[in-house]
Amino acid sequence: MSPHDPHDLLAAWAIDAVDPDERAAVERAMAEDPALADEAAGFLATAAVLGAARSVAPPPSLRDRVLAEIDTLGRGPGDVIPPAGRSSGSRRPSGRTDARRPGGRTFRRVRTVLVAAVLAVAIALPSVTAWQQHQRAVQAEARADRITALLASPGAELLSGDLTSGGTATAVVTDDAALVSAEGVADPGDGKVYQLWVMRDGVPVPDATTGLTGDGFQIDTTAYRAGDGLALTVEPAGGSDAPTTDPVVVLLPTA
Amino acid sequence: MPVPGTHPLADDTLDRVAAGDQDAFAALYDAVSPAVHGTALAVLRDPDHAAEVTQEVMVEIWRTASRYDRRLGSPRTWATTMAHRRAVDRVRSVQAQRTRDQAALDRDRPVDYDHVAEQVEGRLEAERLRHCMDGLTDTQRESVTLAYYGGLSYREVAEDLDAALPTIKSRIRDGLIRLRDCLGVTR
């Protein structure tokens, strides 16, 4: 029996009875093996009963302190992935989003922000969730790679904004194409998808639809032309010919 | 996975917390903070340390609520898991020697499940747990208890009981499997 056999250590891991290197080994194994992660979740739920059986109300003053602290924090950096550009405040439906010409700094920043934000959350969370976060980080990294590649195109411009429903959208637009990526977004719901619209002369032209990969997605379109805007809505599966809901984000290029 | 006897919590509570709803967070706090605090107190045995861990965990839940995935466990499991890990990390970093001393005491004293839980939900849970703990062998119960409540690693448990490492790993694993099945925890 190997001292680091993850399956062998899973129960001990669930009650935090392993050393740090063993913890890391188990969590790496879980990232690659959903069955192991599933078994781990059962052990965690069992362990939680051991703790809950000792339930003791914390001091009443603690409740006030915690509520005051979260009030001060607001929606903190661990919760929503920060936009890639300067803060854009695009919760206004038609709010113009911040956009910058791509430069080396911007590139690195997009990639760093997207990947680091996902990883930071993964580290902060207990480990079953960390497994899923790891998968999300891998997917986010793949999306970031494509953004980086397209930003190298001549005339590429980077747009970003927050979705009203949570998460961040980033678009790289060129003269004749756009790559729209989203991270940290909510599941659109059963039978629903995200749909991209190319906004041309104020008219939304339907484009591709997508579900989620991890907690993000990426859509390519060659229907985009310089000067067009982009919007995302939630639509019934299969997509719509005209938007049936308000956009969750609108991205407009600089004039 | 809902566990009978736990504080009811609306299905969308975490979604609302993730959206920044402080009232929903207050409801979540009321539902899970006794389990969080009780877990921390069981491991740390110090009310001030336990309160600090409880505060850290509840704020962390606020910060990361959008990442919560119900398929991976109930909000209470999520919160309790965080509390235990933080409490154990604290024990190992700050109080290693005290814990070893305490573990030696624990070994000679039967764990008292009757008087530990102050909350109604905790009492119900303690009742179920005691019943299920009775289904473990003495050695399984001893290893699980030393590890979970004593904050000891399986290596430390083995050292403490003068037993082989694989033996202790098996006891913890077999013990948790029996508990899981007895408690009806399903995945």
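For A:S94, the conditions (1) at pLDDT below 85; (2) open to solvent by 20 Å² or more (accessible area, probe 1.4 Å); (3) within 12 Å of chain B (Cβ to nearest Cβ); (4) in a loop (DSSP other than H, G, I, E, B) are fulfilled apart from (3).
The selection criterion, being among the aliphatic types (A, V, I, L, M), at pLDDT below 80 and open to solvent by less than 30 Å² (accessible area, probe 1.4 Å), holds for B:A117. Only one of the listed residues (B:L28, B:L41) is open to solvent by 10 Å² or more (accessible area, probe 1.4 Å) and among the hydrophobic types (A, V, I, L, M, F, W, C). That residue is B:L41. Going by the structure shown, is A:A149 in a helix (DSSP H, G or I), at pLDDT below 70 and surrounded by fewer than 23 Cβ atoms within 10 Å (Cβ to Cβ)? No, not satisfied. Among the residues here, B:Q95 does not qualify as open to solvent by less than 50 Å² (accessible area, probe 1.4 Å), modelled with pLDDT of 95 or more and of a type in the set (S, T, N, Q). Note on segment A:168-187: residues that are assigned to a loop (DSSP other than H, G, I, E, B) and either within 18 Å of the chain's Cα centre (by Cα) or under 15 Å from A:A144 (Cα atoms) (or both) amount to 4.
Each row is one residue, and each column tells you yes or no for (1) touching a strand residue (DSSP E or B) at 6+ places or on another chain (Cβ under 7 Å); (2) closer than 22 Å to B:L14 by Cα; (3) facing chain A (nearest Cβ under 7 Å).
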| position | (1), (2), (3) |
| --- | --- |
| B:D30 | no, yes, no |
| B:A35 | no, yes, yes |
| B:V59 | no, yes, yes |
| B:W62 | no, yes, yes |
| B:W78 | no, yes, yes |
| B:M82 | no, yes, yes |
| B:R86 | no, yes, no |
| B:V91 | no, no, no |
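For segment A:158-185, a residue qualifies if it is open to solvent by 40 Å² or more (accessible area, probe 1.4 Å) and at pLDDT 85 or above, and the qualifying residues are A:T164, A:S165.
Here is a yes/no grid of residues against (1) open to solvent by less than 50 Å² (accessible area, probe 1.4 Å); (2) at pLDDT 90 or above; (3) under 20 Å from B:H37 (Cβ atoms); (4) out of contact with any Pro (no Cβ under 9 Å at 6 or more places or on another chain):
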site	(1), (2), (3), (4)
B:D108	no, no, no, yes
B:A126	yes, no, yes, yes
B:D138	no, yes, no, yes
B:L183	yes, yes, no, yes
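Residues in segment B:60-69 that are open to solvent by 10 Å² or more (accessible area, probe 1.4 Å), without any contact (Cβ under 8 Å) to a residue 24 or more places away in the chain and assigned to a helix (DSSP H, G or I): B:E60, B:R63.
Within segment A:184-208, the set of residues being in contact (Cβ under 8 Å) with a residue 40 or more places away in the chain and among the basic types (K, R) comprises A:K192 only. Looking across segment B:132-174, the residues that are small (G, A, S), in a helix (DSSP H, G or I) and more than 8 Å from chain A (Cβ to nearest Cβ) come down to B:S143, B:A158, B:S170. When segment B:1-23 is filtered for residues that are within 11 Å of another protein chain (Cβ to nearest Cβ) and either closer than 24 Å to A:R65 by Cβ or at pLDDT 95 or above (or both), the ones remaining, listed by number, are B:H7, B:V17, B:A18, B:A19, B:G20, B:D21, B:Q22, B:D23. The single condition among (1) among the β-branched types (V, I, T); (2) under 15 Å from the mean Cα position of the chain (by Cα); (3) at pLDDT 85 or above; (4) within 25 Å of B:G20 (Cα to Cα) that A:T213 does not satisfy is (3). Applying a threshold of 9 Å to beta carbon distances and a minimum spacing of six or more residues, or different chains, the list of pairs starting in segment A:38-63 at a residue that is facing chain B (nearest Cβ under 7 Å) and over 16 Å from B:G184 (Cα atoms) and ending at one that is surrounded by fewer than 24 Cβ atoms within 10 Å (Cβ to Cβ) and of a type in the set (K, R) reads A:S55/B:R123.
The values are calculated or read from the model by the stated rules, or taken from the named source; none is laboratory data. All figures in this text were calculated on a predicted structure; none of them were measured in a lab. Note that we place each Cβ from the backbone using ideal geometry, even for glycine, and neighbour counts take in every protein chain shown. These accessible areas exclude ligands, DNA and RNA; they are computed on the full protein's heavy atoms, side chains included. Shrake-Rupley method; radii C 1.70, N 1.55, O 1.52, S 1.80 Å.
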